[in-house]
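Asker: Got a structure here, written out as C-alpha cells. Questions coming.
The values are calculated or read from the model by the stated rules, or taken from the named source; none is laboratory data. The model shown is predicted, which means the values in this text are computed figures rather than measured ones. Quick reminder, even Gly has a Cβ in these numbers, built from the backbone with ideal geometry, and neighbours come from all protein chains shown.
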Amino acid sequence: MKKKLIATGLITVLAASNGYMTYTYIKDTEALKNDIAQSQQDNKEKDEQISFIGNNIIKLQNDLKNKITENEKLTVELKEAEGKLKKQDSQIDKLEQELEKAKKRNESPSISSNSKQYLVTAYTNGKESTGKSPGDPAYGKTASGTTTQEGRTLSCPPELKVGTKLKIENVGIRVCEDTGSAIKGNRLDLYIADLNKALDFGKQLLNVEIID
C-alpha cells in the first residue's frame with residue numbers, strides 16, 4: 001500500500017513538473033517570437049533610415065552636379081563677356097583719338113551750338129561694371145540714391161549736375177543720376193540692364209544735347 005502511494009506521488013510530481021516545463025516552454029517561445037518581431041521592426045526602421053539617407057545623398061550629389069554645371073556655364077559666359085570687352089576696349093583709343101581730333105579742328109557741322117560729342121559707353125548693375133553683387137545694399141543704386149532704370153539712368157561726369165537731362169543721338173533722353181570714377185570729361189555711361197546688350201552697345205562717339 002505504502003509503495004503504491006509513493007508511486008502515485010511520484011507520478012503526480014512528474015505530471016506537475018511536465019506541466020510547468022510545458023508552460024515555461026510556451027512562455028519562452030512567445031517571448032522569443034516577440035523578440036524576433038521587435039528585431040524585424042527595428043531592422044525595418046533601420047532600412048528605412050538607410051534608404052532615407054541614401055536618397056538624401058543622391059539628391060545632394062545631383063544638386064552638386066547641377067551647381068558644377070551652372071558654374072561651368074557661368075565661366076563660359078564670363079569668358080565670352082571678357083572677350084567682348086577686350087574687343088571693345090581695342091576700339092577706345094581710336095574713338096578717343098577721333099574725339100581729340102574733332103576738338104582740335106573744332107569741326108562739327110552736324111552739331112548745334114547747344115550740343116557736343118561724347119564718348120558713350122554702357123554699364124549694368126553687375127559686378128563686371130560696379131563691383132557689386134545681388135544682396136549688396138548698394139546693388140542697383142545710383143550715386144544720387146535712385147534705383148537704376150533702363151531708359152532713364154545715365155552716369156555723368158562731375159560737371160553735369162544730378163537731374164540734368166540729356167538728349168543722346170540714336171538713344172533718346174536720359175537723366176544724370178549716377179557717377180563713375182572713369183566717367184570724366186566727355187564721357188557718359190548709359191545704364192542697360194542686360195549684360196549682353198550693354199556689351200553690344202560698346203563705345204560710341206555720339207552727339208549729345210543738354211535739354212534741361
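Asker: Within 29 Å of residue 98 (Cα to Cα) and within 26 Å of the chain's Cα centre (by Cα): does that describe residue 136?
Answerer: no
Asker: Does residue 119 satisfy the criteria of being closer than 25 Å to residue 211 by Cβ and at pLDDT 95 or above? Before you say what the answer is, go through the steps one by one.
Answerer: Numbers: closer than 25 Å to residue 211 by Cβ: yes; at pLDDT 95 or above: yes.
For residue 119, the condition - closer than 25 Å to residue 211 by Cβ and at pLDDT 95 or above - is met.
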